[in-house]
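Engineer: Take this structure first; my questions come after.
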Amino acid sequence: CTEGGMPTAEVKFNADGWMLNKNFMKYADRIKNFKVRPDDVWILSFPKCGTTWSQEMLWLLINNCNLEEANRIELYTRAPFLELKPICSEGFDMADSITAAEELPSPRLIKSHLPPDLLPSEIWTVKPKLLYVYRNPKDVAISYCHHYRLFNEYTGSQDLFIEAFLQDKVMFSPFWKHVLAYWNRRDLPQLKFITFDDMKKDLRSVLKSVAEHLNVTIPADREDEVLDHLSFARMSKNPMVNFEAERKEMGKLDQHFIRKGETGQWKKTLSEELVTRFDSWSNSFLAGSDFPYYS
Ligand code: A3P
(Lines give C-alpha, C1' and ligand atoms only; values in the text may rest on other atoms or scores of the structure.)
Protein backbone atom coordinates (compact mmCIF):
# COMPACT_ATOMS: atom_id res chain seq x y z
CA CYS A 1 0.00 0.00 0.00
CA THR A 2 1.14 3.55 -0.66
CA GLU A 3 0.12 6.53 1.47
CA GLY A 4 -3.59 6.88 1.88
CA GLY A 5 -4.07 3.12 1.89
CA MET A 6 -4.30 2.90 -1.91
CA PRO A 7 -3.51 -0.62 -3.11
CA THR A 8 -0.69 -0.96 -5.62
CA ALA A 9 1.58 -3.58 -7.05
CA GLU A 10 5.21 -2.86 -6.24
CA VAL A 11 7.01 -2.13 -9.51
CA LYS A 12 6.50 -1.13 -13.09
CA PHE A 13 8.14 -4.04 -14.81
CA ASN A 14 9.27 -2.86 -18.23
CA ALA A 15 8.78 -0.13 -20.80
CA ASP A 16 5.10 -0.94 -20.99
CA GLY A 17 4.85 -0.43 -17.26
CA TRP A 18 3.20 -3.70 -16.27
CA MET A 19 2.45 -3.57 -12.56
CA LEU A 20 3.93 -6.57 -10.77
CA ASN A 21 5.56 -7.57 -7.51
CA LYS A 22 9.28 -6.93 -7.15
CA ASN A 23 9.76 -10.65 -6.67
CA PHE A 24 8.65 -11.24 -10.26
CA MET A 25 11.97 -9.87 -11.53
CA LYS A 26 13.76 -12.91 -10.11
CA TYR A 27 11.57 -15.27 -12.12
CA ALA A 28 11.06 -13.35 -15.36
CA ASP A 29 13.82 -15.16 -17.28
CA ARG A 30 12.68 -18.56 -16.07
CA ILE A 31 9.20 -17.77 -17.34
CA LYS A 32 10.53 -16.44 -20.66
CA ASN A 33 12.49 -19.68 -21.14
CA PHE A 34 9.69 -22.00 -19.97
CA LYS A 35 9.37 -24.98 -22.37
CA VAL A 36 6.01 -24.90 -24.12
CA ARG A 37 4.46 -28.06 -25.59
CA PRO A 38 2.35 -28.07 -28.77
CA ASP A 39 -0.52 -29.86 -27.02
CA ASP A 40 -0.64 -27.34 -24.14
CA VAL A 41 -3.72 -25.20 -23.65
CA TRP A 42 -3.29 -21.80 -21.98
CA ILE A 43 -6.00 -19.79 -20.25
CA LEU A 44 -5.05 -16.12 -20.33
CA SER A 45 -6.80 -13.14 -18.81
CA PHE A 46 -6.63 -10.01 -16.70
CA PRO A 47 -7.55 -11.07 -13.13
CA LYS A 48 -11.27 -11.29 -12.28
CA CYS A 49 -12.47 -11.68 -15.86
CA GLY A 50 -13.82 -15.21 -15.34
CA THR A 51 -10.48 -17.05 -15.43
CA THR A 52 -11.48 -19.80 -13.00
CA TRP A 53 -14.77 -20.36 -14.81
CA SER A 54 -13.06 -20.67 -18.22
CA GLN A 55 -10.22 -22.69 -16.69
CA GLU A 56 -12.63 -25.31 -15.32
CA MET A 57 -14.43 -25.41 -18.69
CA LEU A 58 -11.14 -25.89 -20.58
CA TRP A 59 -9.88 -28.53 -18.19
CA LEU A 60 -13.06 -30.55 -18.68
CA LEU A 61 -12.86 -30.17 -22.44
CA ILE A 62 -9.30 -31.45 -22.70
CA ASN A 63 -10.00 -34.26 -20.23
CA ASN A 64 -12.98 -35.87 -21.92
CA CYS A 65 -15.34 -34.14 -19.46
CA ASN A 66 -13.96 -36.15 -16.55
CA LEU A 67 -16.24 -34.70 -13.86
CA GLU A 68 -15.19 -37.32 -11.33
CA GLU A 69 -11.58 -36.16 -11.40
CA ALA A 70 -12.63 -32.50 -11.50
CA ASN A 71 -14.60 -33.10 -8.29
CA ARG A 72 -11.66 -34.84 -6.63
CA ILE A 73 -8.61 -32.66 -7.37
CA GLU A 74 -8.30 -28.92 -6.85
CA LEU A 75 -8.29 -26.88 -10.05
CA TYR A 76 -5.00 -25.15 -9.27
CA THR A 77 -3.33 -28.59 -9.09
CA ARG A 78 -4.94 -29.78 -12.32
CA ALA A 79 -4.16 -26.46 -14.08
CA PRO A 80 -1.37 -24.49 -12.39
CA PHE A 81 -1.15 -20.69 -12.28
CA LEU A 82 2.28 -20.17 -13.86
CA GLU A 83 3.37 -16.95 -12.13
CA LEU A 84 1.72 -17.51 -8.75
CA LYS A 85 5.02 -17.96 -6.91
CA PRO A 86 6.72 -15.03 -8.71
CA ILE A 87 3.90 -12.61 -7.81
CA CYS A 88 3.91 -13.59 -4.13
CA SER A 89 5.93 -11.39 -1.80
CA GLU A 90 9.48 -12.39 -0.99
CA GLY A 91 9.57 -15.05 1.72
CA PHE A 92 5.91 -16.04 1.33
CA ASP A 93 5.59 -19.80 1.77
CA MET A 94 4.27 -20.92 -1.60
CA ALA A 95 5.10 -23.99 -3.72
CA ASP A 96 6.99 -23.26 -6.94
CA SER A 97 4.23 -22.78 -9.49
CA ILE A 98 6.64 -22.82 -12.45
CA THR A 99 7.96 -26.24 -11.42
CA ALA A 100 4.37 -27.47 -10.98
CA ALA A 101 3.60 -26.43 -14.56
CA GLU A 102 6.86 -27.96 -15.85
CA GLU A 103 6.08 -31.28 -14.21
CA LEU A 104 2.45 -31.56 -15.27
CA PRO A 105 1.79 -34.43 -17.70
CA SER A 106 0.37 -33.59 -21.13
CA PRO A 107 -2.06 -32.36 -22.18
CA ARG A 108 -1.41 -29.45 -19.82
CA LEU A 109 -3.74 -26.58 -19.03
CA ILE A 110 -1.79 -23.58 -17.71
CA LYS A 111 -3.23 -20.34 -16.35
CA SER A 112 -1.51 -16.99 -16.70
CA HIS A 113 -2.42 -13.32 -16.22
CA LEU A 114 0.77 -12.16 -17.92
CA PRO A 115 0.61 -9.85 -20.93
CA PRO A 116 1.88 -11.35 -24.22
CA ASP A 117 5.39 -9.87 -23.98
CA LEU A 118 6.07 -11.45 -20.58
CA LEU A 119 4.82 -14.95 -21.45
CA PRO A 120 7.24 -17.77 -22.37
CA SER A 121 8.71 -16.93 -25.81
CA GLU A 122 7.85 -20.38 -27.12
CA ILE A 123 4.12 -19.60 -26.79
CA TRP A 124 4.47 -17.66 -30.08
CA THR A 125 6.64 -20.23 -31.90
CA VAL A 126 5.33 -23.59 -30.63
CA LYS A 127 1.76 -22.20 -30.96
CA PRO A 128 -0.30 -24.11 -28.38
CA LYS A 129 -4.03 -23.33 -28.18
CA LEU A 130 -4.75 -20.12 -26.26
CA LEU A 131 -7.98 -18.79 -24.80
CA TYR A 132 -8.30 -15.18 -23.63
CA VAL A 133 -11.31 -14.16 -21.56
CA TYR A 134 -12.45 -10.51 -21.31
CA ARG A 135 -14.88 -8.88 -18.88
CA ASN A 136 -16.15 -5.33 -18.55
CA PRO A 137 -13.57 -3.42 -16.46
CA LYS A 138 -16.23 -1.83 -14.24
CA ASP A 139 -17.24 -5.31 -13.04
CA VAL A 140 -13.59 -6.41 -13.00
CA ALA A 141 -12.63 -3.52 -10.70
CA ILE A 142 -15.38 -4.36 -8.19
CA SER A 143 -14.51 -8.05 -8.25
CA TYR A 144 -10.79 -7.22 -7.91
CA CYS A 145 -11.47 -5.07 -4.84
CA HIS A 146 -13.08 -8.09 -3.15
CA HIS A 147 -10.15 -10.24 -4.27
CA TYR A 148 -7.65 -7.81 -2.69
CA ARG A 149 -9.71 -7.90 0.51
CA LEU A 150 -9.71 -11.69 0.48
CA PHE A 151 -6.10 -12.42 -0.48
CA ASN A 152 -4.12 -9.18 -0.11
CA GLU A 153 -5.31 -7.84 3.25
CA TYR A 154 -6.80 -4.74 1.59
CA THR A 155 -9.02 -2.95 4.09
CA GLY A 156 -9.77 0.34 2.28
CA SER A 157 -12.95 1.44 0.54
CA GLN A 158 -14.17 0.25 -2.86
CA ASP A 159 -13.90 3.82 -4.18
CA LEU A 160 -10.23 4.05 -3.21
CA PHE A 161 -9.55 0.68 -4.83
CA ILE A 162 -11.24 1.86 -8.01
CA GLU A 163 -9.10 4.99 -7.93
CA ALA A 164 -6.04 2.71 -7.95
CA PHE A 165 -7.58 0.63 -10.75
CA LEU A 166 -8.17 3.74 -12.87
CA GLN A 167 -4.60 4.85 -12.23
CA ASP A 168 -3.42 1.42 -13.52
CA LYS A 169 -1.72 0.67 -10.22
CA VAL A 170 -3.15 -2.72 -9.33
CA MET A 171 -1.39 -5.98 -10.19
CA PHE A 172 -1.19 -6.82 -13.94
CA SER A 173 -2.33 -3.31 -14.94
CA PRO A 174 -2.67 -1.44 -17.25
CA PHE A 175 -6.01 -3.19 -17.85
CA TRP A 176 -6.67 -1.86 -21.37
CA LYS A 177 -3.11 -2.45 -22.55
CA HIS A 178 -3.55 -6.06 -21.42
CA VAL A 179 -6.87 -6.54 -23.21
CA LEU A 180 -5.81 -4.78 -26.40
CA ALA A 181 -2.47 -6.60 -26.58
CA TYR A 182 -4.44 -9.86 -26.90
CA TRP A 183 -7.27 -8.35 -28.97
CA ASN A 184 -4.68 -7.19 -31.50
CA ARG A 185 -3.50 -10.80 -31.82
CA ARG A 186 -7.03 -12.19 -32.27
CA ASP A 187 -6.38 -13.24 -35.87
CA LEU A 188 -3.80 -15.79 -34.76
CA PRO A 189 -5.51 -19.15 -35.43
CA GLN A 190 -4.37 -20.59 -32.10
CA LEU A 191 -5.94 -17.75 -30.07
CA LYS A 192 -9.63 -17.58 -29.21
CA PHE A 193 -11.08 -14.49 -27.55
CA ILE A 194 -14.21 -14.96 -25.42
CA THR A 195 -16.15 -12.76 -23.00
CA PHE A 196 -17.61 -13.24 -19.54
CA ASP A 197 -20.86 -11.67 -20.79
CA ASP A 198 -21.22 -14.29 -23.54
CA MET A 199 -20.61 -17.03 -20.99
CA LYS A 200 -23.37 -15.54 -18.85
CA LYS A 201 -25.75 -15.21 -21.81
CA ASP A 202 -25.23 -18.58 -23.45
CA LEU A 203 -22.71 -20.90 -21.83
CA ARG A 204 -23.71 -23.82 -24.08
CA SER A 205 -22.71 -21.90 -27.22
CA VAL A 206 -19.42 -20.78 -25.69
CA LEU A 207 -18.68 -24.35 -24.55
CA LYS A 208 -19.31 -25.66 -28.06
CA SER A 209 -17.25 -22.98 -29.78
CA VAL A 210 -14.34 -23.50 -27.38
CA ALA A 211 -14.56 -27.30 -27.96
CA GLU A 212 -14.38 -26.60 -31.68
CA HIS A 213 -11.35 -24.36 -31.18
CA LEU A 214 -9.64 -27.19 -29.29
CA ASN A 215 -10.75 -29.84 -31.80
CA VAL A 216 -12.37 -31.92 -29.06
CA THR A 217 -15.81 -33.46 -28.86
CA ILE A 218 -18.05 -33.32 -25.83
CA PRO A 219 -19.44 -36.79 -25.00
CA ALA A 220 -23.16 -36.39 -25.87
CA ASP A 221 -24.33 -37.75 -22.53
CA ARG A 222 -22.07 -35.33 -20.62
CA GLU A 223 -22.94 -31.94 -22.11
CA ASP A 224 -25.78 -31.11 -19.73
CA GLU A 225 -23.82 -32.40 -16.74
CA VAL A 226 -20.85 -30.21 -17.72
CA LEU A 227 -23.07 -27.14 -18.03
CA ASP A 228 -24.60 -27.88 -14.64
CA HIS A 229 -21.11 -28.33 -13.13
CA LEU A 230 -20.10 -24.93 -14.58
CA SER A 231 -23.19 -23.10 -13.30
CA PHE A 232 -22.66 -20.39 -10.69
CA ALA A 233 -24.77 -22.33 -8.18
CA ARG A 234 -22.53 -25.40 -8.43
CA MET A 235 -19.16 -23.68 -8.78
CA SER A 236 -19.75 -21.35 -5.83
CA LYS A 237 -20.23 -24.43 -3.61
CA ASN A 238 -17.49 -26.54 -5.19
CA PRO A 239 -14.43 -26.70 -2.87
CA MET A 240 -12.24 -27.79 -5.81
CA VAL A 241 -12.64 -24.36 -7.43
CA ASN A 242 -13.79 -21.91 -4.75
CA PHE A 243 -10.63 -21.82 -2.55
CA GLU A 244 -12.62 -23.13 0.40
CA ALA A 245 -9.58 -24.66 2.14
CA GLU A 246 -7.55 -21.43 1.80
CA ARG A 247 -10.47 -19.26 2.93
CA LYS A 248 -10.98 -21.51 5.93
CA GLU A 249 -7.30 -21.35 6.84
CA MET A 250 -7.37 -17.55 6.63
CA GLY A 251 -10.54 -17.43 8.75
CA LYS A 252 -12.37 -15.88 5.78
CA LEU A 253 -14.97 -18.53 4.92
CA ASP A 254 -17.62 -15.79 4.83
CA GLN A 255 -15.72 -13.95 2.04
CA HIS A 256 -16.39 -15.72 -1.21
CA PHE A 257 -14.11 -16.16 -4.22
CA ILE A 258 -16.98 -17.19 -6.49
CA ARG A 259 -18.97 -14.29 -5.17
CA LYS A 260 -21.79 -12.84 -7.30
CA GLY A 261 -20.99 -13.94 -10.84
CA GLU A 262 -23.06 -11.16 -12.39
CA THR A 263 -22.72 -8.93 -15.37
CA GLY A 264 -23.44 -5.24 -14.78
CA GLN A 265 -22.95 -5.33 -11.00
CA TRP A 266 -21.34 -1.90 -11.38
CA LYS A 267 -24.75 -0.41 -12.16
CA LYS A 268 -25.76 -1.11 -8.57
CA THR A 269 -22.65 0.12 -6.80
CA LEU A 270 -20.71 2.72 -8.84
CA SER A 271 -21.51 6.43 -8.49
CA GLU A 272 -22.41 8.38 -11.63
CA GLU A 273 -19.13 10.26 -11.26
CA LEU A 274 -17.10 7.03 -11.23
CA VAL A 275 -19.00 5.69 -14.24
CA THR A 276 -18.15 8.85 -16.17
CA ARG A 277 -14.50 8.54 -15.18
CA PHE A 278 -14.46 4.88 -16.17
CA ASP A 279 -15.89 5.76 -19.57
CA SER A 280 -13.41 8.51 -20.32
CA TRP A 281 -10.52 6.36 -19.05
CA SER A 282 -11.67 3.50 -21.31
CA ASN A 283 -12.28 5.75 -24.29
CA SER A 284 -8.76 7.17 -24.00
CA PHE A 285 -7.35 3.66 -24.57
CA LEU A 286 -9.99 2.54 -27.06
CA ALA A 287 -9.76 5.55 -29.40
CA GLY A 288 -8.84 4.23 -32.84
CA SER A 289 -9.47 0.58 -31.83
CA ASP A 290 -12.22 -1.62 -33.22
CA PHE A 291 -12.71 -3.31 -29.84
CA PRO A 292 -16.44 -4.07 -29.78
CA TYR A 293 -17.25 -5.27 -26.27
CA TYR A 294 -16.97 -2.19 -24.03
CA SER A 295 -20.20 -0.77 -22.66
P1 A3P B 1 -17.48 -11.63 -8.97
O2 A3P B 1 -16.43 -11.27 -7.97
O3 A3P B 1 -18.02 -10.43 -9.71
O4 A3P B 1 -18.57 -12.47 -8.40
P5 A3P B 1 -11.42 -14.90 -11.83
O6 A3P B 1 -11.59 -16.36 -11.82
O7 A3P B 1 -10.83 -14.35 -13.10
O8 A3P B 1 -10.73 -14.42 -10.60
O9 A3P B 1 -12.87 -14.26 -11.82
C10 A3P B 1 -13.69 -14.34 -10.68
C11 A3P B 1 -15.06 -13.84 -11.05
O12 A3P B 1 -15.72 -14.84 -11.87
C13 A3P B 1 -15.93 -13.64 -9.82
O14 A3P B 1 -16.78 -12.53 -10.10
C15 A3P B 1 -16.71 -14.95 -9.78
O16 A3P B 1 -17.89 -14.92 -9.05
C17 A3P B 1 -16.96 -15.18 -11.27
N18 A3P B 1 -17.32 -16.58 -11.55
C19 A3P B 1 -16.62 -17.70 -11.29
N20 A3P B 1 -17.29 -18.80 -11.64
C21 A3P B 1 -18.47 -18.38 -12.15
C22 A3P B 1 -19.62 -19.04 -12.68
N23 A3P B 1 -19.70 -20.37 -12.74
N24 A3P B 1 -20.66 -18.28 -13.11
C25 A3P B 1 -20.58 -16.92 -13.06
N26 A3P B 1 -19.52 -16.24 -12.56
C27 A3P B 1 -18.47 -16.95 -12.10
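The values are calculated or read from the model by the stated rules, or taken from the named source; none is laboratory data. Bear in mind the structure is a predicted one, so any value in this text is a computation, not a measurement. Cβ: placed from backbone, ideal geometry, glycine included. Neighbour counts: every protein chain shown.
Engineer: For segment 60-107, which residues satisfy the criterion of being hydroxyl-bearing (Ser, Thr, Tyr) and buried (at least 21 other Cβ atoms within 10 Å of the Cβ)?
Structural biologist: Correct list: Ser97 only.
Engineer: Hey, another quick one. Limited to segment 36-59, what total is found for residues that are within 9 Å of the ligand (Cβ to nearest atom) and either free of Cβ contacts under 8 Å to residues at least 12 places away in the same chain or surrounded by fewer than 20 Cβ atoms within 10 Å (Cβ to Cβ) (or both)?
Structural biologist: Total satisfying the criteria: 1.
Engineer: Please identify the pairs in which a residue from segment 104-115 that is assigned to a loop (DSSP other than H, G, I, E, B) has its Cβ atom under 7 Å from the Cβ atom of a residue that is of a type in the set (Phe, Trp, Tyr), counting only partners at least 6 apart or on another chain.
Structural biologist: Close Cβ pairs (under 7 Å, with a partner that is of a type in the set (Phe, Trp, Tyr)) amount to His113/Phe46; His113/Phe172; Pro115/Trp18.
Engineer: Kindly establish whether Ser271 is exposed (fewer than 14 other Cβ atoms within 10 Å of the Cβ), more than 16 Å from the ligand (Cβ to nearest atom) and more than 30 Å from Met240 (Cα to Cα).
Structural biologist: Judged against the criteria, Ser271 is a match.
Engineer: Mind checking which residues of segment 208-252 are part of a loop (DSSP other than H, G, I, E, B) and either among the acidic types (Asp, Glu) or under 15 Å from Glu68 (Cα atoms) (or both)?
Structural biologist: Pro219, Leu230, Asn238, Pro239, Met240, Val241
Engineer: Here's a follow-up. Can you tell me which residue among Asn33, Asn63 is of a type in the set (S, T, N, Q), within 30 Å of Arg234 (Cα to Cα) and away from the ligand (no atom under 16 Å from the Cβ)? Talk me through it step by step, then tell me what you get.
Structural biologist: Values: Asn33 fails: within 30 Å of Arg234 (Cα to Cα).
It is Asn63.
Engineer: Tell me which residues, restricted to segment 201-246, are of a type outside the set (A, V, I, L, M, F, W, C) and touching a Phe, Trp or Tyr at 6+ places or on another chain (Cβ under 9 Å).
Structural biologist: Within segment 201-246, Ser236, Asn242, Glu244, Glu246 meet the criteria.
Engineer: How many residues are within 15 Å of the ligand (Cβ to nearest atom), within 25 Å of Glu153 (Cβ to Cβ) and not in a helix (DSSP H, G or I) when one looks only at segment 253-266?
Structural biologist: Within segment 253-266, residues that are within 15 Å of the ligand (Cβ to nearest atom), within 25 Å of Glu153 (Cβ to Cβ) and not in a helix (DSSP H, G or I) number 9.
Engineer: Would you mind finding the one in Ser97, Ser121 that is over 21 Å from Ile218 (Cα atoms) and in contact with a Leu (Cβ under 8 Å, 6 or more places away or on another chain)? Outline the logic, then answer.
Structural biologist: Values: Ser121 fails: in contact with a Leu (Cβ under 8 Å, 6 or more places away or on another chain).
Matching residue, one of Ser97, Ser121: Ser97.
Engineer: Could you list all residues from segment 6-64 that are of a type in the set (S, T, N, Q), over 17 Å from the mean Cα position of the chain (by Cα) and modelled with pLDDT of 95 or more?
Structural biologist: Matches in segment 6-64: Asn33, Asn63, Asn64.
Engineer: Taking the residues in segment 203-245 that are under 18 Å from the mean Cα position of the chain (by Cα) and away from the ligand (no atom under 11 Å from the Cβ) as candidates, determine which candidate is farthest from Cys49 (Cα to Cα).
Structural biologist: Among those that are under 18 Å from the mean Cα position of the chain (by Cα) and away from the ligand (no atom under 11 Å from the Cβ), it is Met240.
Engineer: How many residues does segment 126-159 hold that are away from the ligand (no atom under 16 Å from the Cβ), touching a residue at least 40 places away in the same chain (Cβ under 8 Å) and of a type outside the set (A, V, I, L, M, F, W, C)?
Structural biologist: Of the residues in that region, 6 qualify.
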